[in-house]
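The values are calculated or read from the model by the stated rules, or taken from the named source; none is laboratory data. Keep in mind the model is a prediction, meaning the values are calculated, not measured. Counting neighbours? That spans all protein chains shown, and the Cβs are built from the backbone with ideal geometry, glycine included. Side chains included, ligands, DNA and RNA excluded: accessible areas come from the protein's heavy atoms. Shrake-Rupley method; radii C 1.70, N 1.55, O 1.52, S 1.80 Å.
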Amino acid sequence: VQNDSWGKQYSHALFKAMSHMLCIGYGQQAPEGMTDVWLTMLSMIVGATCYAMFIGHATALIQSLDSSRRQYQEKYKQVEQYMSFHKLPGDTRQRIHEYYEHRYQGKMFDEENILGELSEPLKEEIINFNCRNLVANMPLFANADPNFVTAMLTKLRFEVFQPGDFIIREGTVGKKMYFIQHGVVSILTKGNKETKLSDGSYFGEICLLTRGRRTASVRADTYCRLYSLSVDNFNEVLEEYPMMRRAFETVAMDRLDRIGEEEWPPGL
């Protein structure tokens, strides 16, 4: 081989290098002539390219089958980097991790954008379906005008609270009311009285009705999946359905009697 020309030596060296680099065999016998060497190298390149394209398309196909989980994983990687950058303590990081697990359950969607692209009938149909358990468990919705229920549901915002979180704090200005889809909360008053509320209940409406400050706190006892309604949306819906305001006021007065408040208006 040492007596071969520079071109032959270079070709054989390149062939050996490509064989090791691409890990592609060339049969029982190595090619001898220059034509065989270059054709074998060409076949190696074509084979490696096809293999790479196959792996790439297979990977893209697998990722596309569960793009929402991939989006969640990418998002949570950013959250982990954020926590590391700010050197957050371990217990805080664990609570953030648990929040993401309960809030998104391993999948993430741009729900606002998806619903925004649909027609109003389709959007209302999806929202009514997603909130069917809330409607079924809540007497207020079960006995109400379906149009009122739809108008209310389209303005709700999904939120998750962890055990021990204060959803409402005494003395703050009330800007939201909450509907409990799943979980247990405690209403804490100045007299150290506790009232438990669970699935199908709602709270925070008193302050929206009276435009006052909260006179009681509400704490999550378990992981709570709630839907919140802002004061502006609350008033907007009740302007269209004034009879429902009386229903809210009736429940509010009953709750005040049970938690020991004697004067109206309060501000839960």
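Here are a few things to note about the model shown:
Here's the yes/no breakdown for (1) assigned to a loop (DSSP other than H, G, I, E, B); (2) open to solvent by less than 70 Å² (accessible area, probe 1.4 Å); (3) at pLDDT 70 or above:
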{"site": "Leu14", "(1), (2), (3)": "no, yes, yes"}
{"site": "Gly27", "(1), (2), (3)": "yes, yes, no"}
{"site": "Val37", "(1), (2), (3)": "no, yes, yes"}
{"site": "Cys50", "(1), (2), (3)": "no, no, yes"}
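- Among the residues making up region 163-173, those that are assigned to a strand (DSSP E or B) and exposed (fewer than 15 other Cβ atoms within 10 Å of the Cβ) are Phe166, Val173.
- Test: Met41 is modelled with pLDDT under 90, assigned to a helix (DSSP H, G or I) and open to solvent by less than 80 Å² (accessible area, probe 1.4 Å): yes
- When residues of region 1-12 are limited to those that are in a loop (DSSP other than H, G, I, E, B) and at pLDDT below 70, the one surrounded by the most Cβ atoms within 10 Å (Cβ to Cβ): Asp4
- When region 87-110 is limited to residues that are within 17 Å of Arg70 (Cβ to Cβ) and not polar (S, T, N, Q), the one that is most open to solvent (accessible area, probe 1.4 Å) turns out to be Phe109.
- Of residues in region 174-184 being open to solvent by 20 Å² or more (accessible area, probe 1.4 Å) and touching a helix residue (DSSP H, G or I) at 6+ places or on another chain (Cβ under 9 Å), the one farthest from Val237 (Cα to Cα): His182
- Some residue of region 147-159 being of a type in the set (Ser, Thr, Tyr), open to solvent by 10 Å² or more (accessible area, probe 1.4 Å) and out of contact with any Lys or Arg (no Cβ under 8 Å at 6 or more places or on another chain): yes
- Selection status of Arg219, open to solvent by 40 Å² or more (accessible area, probe 1.4 Å) and either touching a residue at least 60 places away in the same chain (Cβ under 8 Å) or over 27 Å from the mean Cα position of the chain (by Cα) (or both): no
- Considering region 171-191, and only residues there that are touching a residue at least 40 places away in the same chain (Cβ under 8 Å) and of a type in the set (Gly, Ala, Ser), the residue that is nearest to Ser217 (Cα to Cα) turns out to be Gly171.
- Ser228 being assigned to a strand (DSSP E or B) and free of Cβ contacts under 8 Å to residues at least 40 places away in the same chain: no
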